[in-house]
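Written out below as structure tokens is the structure these notes cover.
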Amino acid sequence: MFVSLNKKIIYSILAFFLAISVIFVYTFYIIYGGKIQEEQQSRLQQNQQFLELLYRNIIYGKEIQNIIKNYPEVKISNPEITETLKAQSNINQSERLSIERKRIDEINQSYDKRYEAIKEGLKILGFASIMLFVSIIILSYLISYWILAPLNKISDVSMKVAQGNLSSRIKQIHISYFIDEMDILINTYNNMLDSIENLLSEIKDKEGFLQALIDSIPDGIRVINGNYDIIIANKAYYRQVGNKFKDCQKCYEASQNLKEPCNTKIINCPLYEINKNKKKNIKVVQQFCNYPNRHLSINAAPLNYSKNKNYIVESIRDLSEEINFSHQQKLSSLGFLSTSIAHEMKNHLGALRIITERLIDKFYQDKPDDDESKKHIMLIYHELISCIDVPERLLKLSRSNDDNKQIINCKESIKDVIGLLDFEAKSKGINIELKASETPLKIKGNEADFKMVAINIILNAIKAINNNGTININIEPENHHWVKIVFKDNGCGIAKDVINRIFDPFFSEGHTNSQNRGNGLGLSIAKSIVEKFGGNISVQSKINIGTSFTIKLPLIKNLAK
């Protein structure tokens, strides 16, 4: 129960005053007045007894005088009694009684005056009490005005500040040249609030600058403490986890949608590795639950801040961007190479073609077709025509990789890829065989991307085959809705413990030596392109037997014929 300080002071003073008054009245009136009354009663009893003895003395004196008168022969031996009898005979008895009564009345009046003095003292005490009560009221008002009212204002403003209203201030009503301790306290309190508001404003500005700074970083940034709480994060991170987990406070809930910390045997936890295993920094690749097809590279390091040594900072990069960049880089390099080769080859081959056509027209036009020299020159001419087709295929592959979708004939596009890689395959004794449906199977997408998928898979197959192997490519429809493309080789195969990781970015084991080891992005690029086409890719493999990649892409029905 709340009781104001004003009431506490007034009630305390009144209680103290009443207690003192009661004690004083009890001591002064009850004890001292009672003793006076008892003394007065005792004196009254003594006077009464004295009067009775006086009456008896008078009676006895009269009887003795009568005896002496009636019996003169009786003699009194004690002279004091004789003198007393003579004195009594000379005094009128009634006067004597009157004198004694006056003396008793004077004694009683003395006691009455003392008792009246007590009553006057009590009246003075009552008047003093009234004056004291009025003084208490005036003092309470002054205390309330000078002390309690300012304290109430300080209390009200403190409550507003505690609720977050830092603009509240205490208003002063005292005249400026009558300054007391409360005025100094109020000024100090207001100055303190001004300082706090300024400091908080600076802190908020710095927090805003810090947030804007980390928001400008393209990679996801988050800071985690030892309790798995996300202390701060940027916009890129929230895009990576998705709006569904934007308000999650725990890192494992936001990343993996778990109710408890991740199992470190299954998921490589940077916080566990740094805080428990005392690592300085760690780099892992994870997939967040909201985007399972995205591979995220997490670079984590300890953040030694103040006394807390358990903070870590994580930089999270979406590898799909690097994959796309690598893909674009490959296409750009391939386009530059293709353009250069096409330019050089077409110029020289075109010149040879013109020379050959002139030779045929001039020297072999009239010769029969079975002429051996004519057969040779015609064979040279046709091979030149075939060579000119090679830079044409390179130019098709080097076309800009934009989002404009095209109608792609799967068989013809893969033929172009085989034509590009056939020389490298045959140099290792590898034969590439294509088997396709007679009905054209067409899909919709970017043709350069589609060819890049085929190039990555065929190049991996060439690397996996040591010598004298075969790569079989089979293109066929499936369920009238899909086109199924199977790339099968008889190479070294892929181990079971890594086959689930071959589509991860930057994962590369190589096959025979370090020269065959790539950057680990080829199959990641292939998977991202297939998924972009709305299809899927899978793999089956056995060690020393071979590997089979299966791609399924949506078929365009109305263009199947």
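The values are calculated or read from the model by the stated rules, or taken from the named source; none is laboratory data. Predicted model, so just to flag it, every value in this text is computed and none were measured. Note: ideal-geometry Cβ built from the backbone for every residue, glycine included; neighbour counts use all protein chains shown. Protein only, heavy atoms only, side chains kept; ligands, DNA and RNA dropped before computing areas. Shrake-Rupley method; radii C 1.70, N 1.55, O 1.52, S 1.80 Å.
Filter the stretch 454-501 for residues that are out of contact with any strand residue (DSSP E or B) (no Cβ under 7 Å at 6 or more places or on another chain) and closer than 23 Å to residue 418 by Cβ and give the result.
The answer is 454, 455, 456, 459, 460, 462, 463, 466, 467, 468, 492.
With (1) closer than 30 Å to residue 142 by Cβ; (2) surrounded by 10 or more Cβ atoms within 10 Å (Cβ to Cβ) as the list, and residue 171 as the residue in question, which single condition is left unmet?
(2)
When you scan the stretch 217-226, do you find a residue that is touching a residue at least 60 places away in the same chain (Cβ under 8 Å), in contact with a strand residue (DSSP E or B) (Cβ under 8 Å, 6 or more places away or on another chain), acidic (Asp, Glu) and open to solvent by less than 60 Å² (accessible area, probe 1.4 Å), even just one?
Scanning the stretch 217-226 turns up at least one residue that is touching a residue at least 60 places away in the same chain (Cβ under 8 Å), in contact with a strand residue (DSSP E or B) (Cβ under 8 Å, 6 or more places away or on another chain), acidic (Asp, Glu) and open to solvent by less than 60 Å² (accessible area, probe 1.4 Å).
Which of the residues belonging to the stretch 445-476 are assigned to a strand (DSSP E or B) and crowded, with 16+ Cβ neighbours inside 10 Å?
445, 470, 471, 472, 473, 474, 475
Every residue in the stretch 407-424 that is at pLDDT 85 or above, farther than 16 Å from residue 485 by Cβ and in a helix (DSSP H, G or I), please.
none
Find all pairs meeting these conditions: Cβ atoms under 8 angstrom apart; at least six residues apart or on different chains; first residue within the stretch 138-157 and under 23 Å from residue 190 (Cβ atoms); second residue among the hydroxyl-bearing types (Ser, Thr, Tyr) and assigned to a helix (DSSP H, G or I).
From the stretch 138-157, the pairs are 154/189; 157/189.
Pick out the one residue from 290, 347 that is in contact with a helix residue (DSSP H, G or I) (Cβ under 9 Å, 6 or more places away or on another chain), at pLDDT below 80 and either open to solvent by 70 Å² or more (accessible area, probe 1.4 Å) or more than 27 Å from residue 455 (Cβ to Cβ) (or both).
None of the other options fit; the residue is 290.
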